[in-house]
Amino acid sequence: MKILILGAGQVGSTVAESLVSEANDITVVDSDGEKLRQLQDRLDLRTLTGNAAHPSTLEQAGIADTDMLLAVTQSDEVNLVACKLAASLYNTPTRIARIRSVDYLNREEVFSADNFCVDFSICPEQILTEYIVKLIEFPEALQVLEFADGKASLVAVRAFAGGPLVGNPLRFLRSHMPQVDARVAAIFRKDSPIIPEGNTVIEEGDEIFFIAAADNIRSVLNEMRRMDEPSKRVMIVGGGNIGRRLAKALERDYQVKLIEYDKKSCERLAGELTNTLVLNGDGTDEKLMQQEHVDEVDVFCALTNDDENNIMSSLLAKQSGARKVVALINRSAYVSLLQGGKIDIALSPAQVTIGSLLAYVRQGDVAVVHSLRRGAAEALELVVHGDRQSSRVVGRRIDEIDLPKGATIGAIVRGDQVIMGHHDTLIEAEDHVIVFVINKKMVKKVEKLFQVSLGFF
Amino acid sequence: MQRALTVIHALGLMLVVFSAAYLMPVVTALIYADQTMLLDFLLAMAWTLVIGFLMWALTRRYKGELSIRHGYLLVVTMWTAMPLFATIPLLMMIPGLSFTDAYFETMSAMTTTGATVLTGLDNLPPAINVWRHELQWIGGLGVIVLAVAVLPLLGIGGRQLFKAETPGPMKESALTPRIADTARNLWIVYVAITLACIGALKWAGMDWLDAVCHGFSAMGLGGFSTHDASIGYFDSPLIEFVLIVFMLFAVINFATHFLAWRGKSFGVYLRDAEARAALGLILASCFGIAFFLWWQGVYAFWTALRHASFNLVSIATSSGYASVDYAQWPIFAPLWMMFLTAIAASSGSTGGGIKMIRTLVLVKQAGREFVKLLHPAAVNPMKIGGQVVANNIVFAVLGFIFLYFMTIVTLTFVLLISGMDFISAFTAVLASVNNCGPGLGTVGPASNYAGLTDFQTWVCAFGMLVGRLEIFTVLILFTPNFWRR
């Protein structure tokens, strides 16, 4: 596929990196030549320096035969204009724009074919905010990812002594909680994957991925570890786009304190937020932290733009007694270094948001893609079409499907119903199938398997 | 000197316009076929018209743009000159009335205070009564425009706040951009509600004269009545109820009424933080005082609720009608009512006092101080109705409150020096500065201000003017800096 990416910032370069590895032709446009040079040094792609909203730049970048336009520059307006130009001048089939401003997002008609012709809009800050909100709602989980509009969730949790299931085979889950339907999709023990079988014994320290209907998450989490008290007090460091959105999303249900360094931003934030206590200060200032009782905080989120600051302030908070600390870390090297250590959750914004973009790039009808374990594994929601003849999936039992080793069908969403994947479950057309892939290399094979063969048309 | 002449020019024009107000009592005199009244009012009208015209014509050379300083001077001279001319018919027609008392009466009317020195109201000629009530209504009209259009420009006591405080999603664009249009729109609303009030009062059982007079004084939140016994004369729960409703109407910002009327939505009232607070406080107080009176054994509960509601709403909205002698109630009740009169009225209404929005600012400022003590690093801007209030406005409000209290204290001391007892002196000052009307003690609802010495009468009249014009406007004229170039 020929893909044109506008903007080589955080989002643009992460998307480029992840798409290059999936054998696509990528062109990246940015006004900053230095950024592009760095990108080109690392990855096999074409770059072009210029204004992404100018037709001449777009033409040079080869928009005429591009299959997909990804407008992810810093500016909403540039992204909108680029999509409009791509649609009306060059007939680009798929146009995706990153839109941050709620003002635009609230008016869906802005994106319609009559106006700016944006097929899909993504807002990384919003995705990240929702992700963190889920983590705060389920403080025991490492990751909570939604499928089928939130009907089913994939939850990652670390097993701790005290959970009834720890030290027992997986089969026990079924007999212990007959009313709750959940399925363990994968287990990672000391960073290496184990294919879960009925007699696999869960050990302390295992990272477990399970799929359950949204209502059952809490009871399944309960099996894996002793439950903590629900979160009440949240402290956020950094009042940027993410911090602000998060505070806004949380301030009704939690006691939120927001620390921001810049006095002007503080005033703006305090004007915008109603129930949040906005504090002017440094997230690494231990005096301020003590004054604001960081030791009684349930969830501490370091969300500034600066990786090192986030790491230091969350380490400081953990040391001072914060129950759970979350740090936003852009550099992937840091993420793998810190995850599971003193910092409870190291969030990589790129990994969290890339999934929503990948879903559009993938072949076949992919509704959702979630990147797991820093991009090594993936969970996909695929919509199956066709019949027994045209599809290699529809009308078959799960054990009849020729899935590559390391890929498991976790659950099926049929209408409003969530069905756990057992060996004898029959797959019907239009089902949403949630597939867990331990190794990203197998994603291509899985997609191929779920595609409808040409005979269907 | 030139500045004074420019102001006189504008004032002359105002007086020419004001002379039209005499038409109302002239028509009344015609209806009642009262020859002497008719001639006297026509004469007074002619005097005002001629003097106003001369002031305007002789100073035509000095016609010019009014600066902010002119504004202060004009507003104050307007509010002193118009009562001055309005005394003409009173002096001509009420034998034995001194100029002091006549000026007190018209000042009380124009500032919508409603304190009176006249007794035997029931026997006054209808034209005089109409004149007194019409003055209150005109005073209310002037106050609304003053509050919504003029004072924000001058920025008195954090008045900028009210401009930004226009409720609802429309905010700044809510009212029309030009002062003249804004004023016209508000007048339309004011006139419309007044007509509704007059109609409702007629329906509730008043005769036309009483309905018109009380409609005027209710909308101006003045509180003049055509009877010595005030509303107690009618002894009608229905009339009391109608008046309660319209007084509560008048105590809300007329800009809010305008928005509600234009947007055809009731939600505007709910979004107006000031109206919410004012109405909430008044209604809660009604029930509280009713319960208190019942508990103290003054009335049975339902009677208590009726009398508490009417008199409390009347005093809290700074109208000043009375249906019973509430000064006889246990002291908590009337003092609480006097307290409400100081704070409850909305900005941009015809009520007086500190205004609810400033009260909200004070309360929130106190809350901010607490937060600041607990969280020294907190950034905690003041918000009213979801809008951030800038610190300089908060300071302006604090300055206003200080001057307000100092005015009350100083004037109370002056009255005490002149020989009044404390409770009369204190409540007379409160009632004057808050433009409420009756106080307690010798100036209570059962009596009036007739018993005051000339000096005390002038002090109260000054209090009314200062309170009506938001203190700063008047006091600024006494600062040397104002007169320096």
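Brief remarks on what is shown
- Exactly one residue out of B:Ala278, B:Ala308, B:Ala327, B:Ala290 is in a helix (DSSP H, G or I), closer than 17 Å to B:Ser349 by Cβ and touching a helix residue (DSSP H, G or I) at 6+ places or on another chain (Cβ under 9 Å), and it is B:Ala278.
- Per this entry, A:Lys287 is not counted among residues that are within 14 Å of chain B (Cβ to nearest Cβ) and at pLDDT 90 or above.
- Enumeration of residues in the range B:432-462 that are under 18 Å from B:Gly232 (Cβ atoms) and touching a Gly at 6+ places or on another chain (Cβ under 7 Å): B:Cys436, B:Gly437, B:Pro438
- All helices (runs of 4 or more DSSP H) inside the range A:294-387 with 2 or more residues being touching a residue at least 60 places away in the same chain (Cβ under 8 Å) and polar (S, T, N, Q): A:307-320, A:349-361
- A single entry from B:Leu312, B:Leu373, B:Leu293, B:Leu403 fulfils the requirement of being at pLDDT 90 or above and within 14 Å of chain A (Cβ to nearest Cβ): B:Leu373.
- Filter result for A:Glu223 (away from every other protein chain (no Cβ under 14 Å), in contact (Cβ under 8 Å) with a residue 40 or more places away in the chain and acidic (Asp, Glu)): yes
- Residue that is surrounded by the most Cβ atoms within 10 Å (Cβ to Cβ) [pool: residues in the range A:95-125 that are polar (S, T, N, Q) and more than 21 Å from A:Gly9 (Cβ to Cβ)]: A:Asn115
- Restricting the range A:414-438 to residues that are in a strand (DSSP E or B) and more than 20 Å from the chain's Cα centre (by Cα), the residue that is surrounded by the fewest Cβ atoms within 10 Å (Cβ to Cβ): A:Gln417
- Qualifying residue in the range B:59-79 (condition: in a helix (DSSP H, G or I), free of Cβ contacts under 8 Å to residues at least 60 places away in the same chain and of a type outside the set (D, E, K, R)): no
- The one condition in (1) under 30 Å from B:Phe478 (Cα atoms); (2) more than 14 Å from every other protein chain (Cβ to nearest Cβ); (3) over 22 Å from the mean Cα position of the chain (by Cα) that B:Val363 fails to fulfil: (1)
- Restricting the first member to the range B:275-290 and to residues that are under 13 Å from B:Met337 (Cβ atoms), and the second to residues that are outside any helix (DSSP H, G or I), the beta-carbon pairs closer than 8 Å and six or more apart or on different chains are B:Leu281/B:Ala344; B:Ile282/B:Val251; B:Ile282/B:Thr317; B:Ile282/B:Ala344.
- Selection status of B:Gly463, within 18 Å of the chain's Cα centre (by Cα), assigned to a helix (DSSP H, G or I) and under 30 Å from B:Asp272 (Cβ atoms): yes
- Test: residue in the range A:304-319 that is under 22 Å from A:Arg252 (Cβ atoms) and either crowded, with 18+ Cβ neighbours inside 10 Å or at the interface with chain B (Cβ under 10 Å from one of its Cβ atoms) (or both): no
- Those residues of the range A:185-203 which are in a strand (DSSP E or B) and modelled with pLDDT under 80, in sequence order: none
- Per the conditions (1) in contact with a Cys (Cβ under 9 Å, 6 or more places away or on another chain); (2) farther than 25 Å from B:Met110 by Cα; (3) not charged (D, E, K, R), the sole criterion not satisfied by B:Phe246 is (2).
- Residue in the range B:373-393 that is assigned to a helix (DSSP H, G or I) and touching a helix residue (DSSP H, G or I) at 6+ places or on another chain (Cβ under 7 Å) present: yes
- Selection from the range A:244-264 of residues that are assigned to a helix (DSSP H, G or I) and more than 9 Å from chain B (Cβ to nearest Cβ): A:Arg244, A:Arg245, A:Leu246, A:Ala247, A:Lys248, A:Ala249, A:Leu250, A:Lys264
- Test: residue in the range A:208-221 that is under 26 Å from the mean Cα position of the chain (by Cα), surrounded by fewer than 17 Cβ atoms within 10 Å (Cβ to Cβ) and assigned to a loop (DSSP other than H, G, I, E, B): no
- Exclusive hit being within 14 Å of chain B (Cβ to nearest Cβ) and of a type in the set (Val, Ile, Thr), set A:Val278, A:Val299: A:Val278
- Condition met for B:Trp302 (of a type outside the set (Val, Ile, Thr), over 20 Å from B:Val245 (Cβ atoms), free of Cβ contacts under 8 Å to residues at least 12 places away in the same chain and assigned to a helix (DSSP H, G or I)): no
The values are calculated or read from the model by the stated rules, or taken from the named source; none is laboratory data. What you see is a predicted model, and the numbers here were worked out from it, not measured in a lab. Using ideal geometry, Cβ is built from the backbone for each residue, glycine included, and neighbour counts are taken over all protein chains shown.
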